[in-house]
Amino acid sequence: EFQGQFAGRLTNIALQHVTVHLVPIWQQRAGHGEEDGLMVWDYHVIVLQVAPGEVRVWDFDTLLAFPCSLIEYTRRAFCPETALHPEFMRRFRAVPLPLYGQFFASDRSHMVKEDGSWSAPPPEHPCFVGDGGCKTNLEVYTDMVGESPARYGRVYEQEEFLLAFLQMMGKQAK
């Protein structure tokens, strides 16, 4: 269903994660009234669209334009001039959209507290079921340290991630 909504427009899913499970991102709707929209997520998903001469970010939680250029998103949402403690340095798992649509699975069990209540209201869309009926494999996608099969994408440090996608943008323009 996810792929159907964006067929032909989006190319990669990027999950952001850090080893301590805290990802600081600015300009987020869930920023709890902070004027700069700072939100610290346990993980966060953005979608990248590589187009001729541009990479666009689709962040369903952003206060920025939707979609937003990768350059603008990086400047305002990642705030690279802000010094982060090394344990908060972002890592990204970039997954080609067809592979994400085929293999990603989440039954939202990570959103259920010990008492059975939701930690936050669950999304309205149905749960994602992966290949072969897999109900959840979110931990594979958010593990930015261990090795995983190619179908789960590639892990990048933040600078390497940005360079890789900006280079793709240049290649698409030619």
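The values are calculated or read from the model by the stated rules, or taken from the named source; none is laboratory data. Fair warning: this is a prediction, and the values are worked out from it, not measured in the lab. Methodologically, a virtual Cβ is constructed for each residue, glycine included, from the backbone with ideal geometry; neighbour enumeration extends over all protein chains shown. Areas reflect the complete protein model, heavy atoms only, side chains present, ligands, DNA and RNA absent. Shrake-Rupley method; radii C 1.70, N 1.55, O 1.52, S 1.80 Å.
Points to keep in mind about this one:
- Positive-end ranking of SER109, ALA120, LEU97 along the dipole of region 66-134, with charges on Cβ about the Cα centre, is headed by LEU97.
- Using a cutoff of 8 angstrom between alpha carbon atoms and counting only pairs six or more residues apart, the relative contact order for region 90-139 works out to 44 percent.
- Reported value for region 79-135: 167 Å³ per residue, from the convex hull of its C-alpha atoms.
- Size of charge dipole - region 123-165 - debye, nearest 20, with Cβ of Lys, Arg +1 and Asp, Glu -1, no other charges: 220 debye
- Accessible area of region 111-174 belonging to carbon and sulfur atoms, whole % at 1.4 Å probe: 55 percent
- Note on region 46-174: Rg/Rh from C-alpha atoms, Kirkwood Rh, equals 0.99.
- Relative compactness, region 53-117, computed as alpha-carbon Rg over 2.2 N^0.38 Å: 1.48
- Relative to the Cα centre, the charge distribution of region 37-174, modelled as +1 at Lys and Arg Cβ and -1 at Asp and Glu Cβ, gives a dipole magnitude of about 500 debye.
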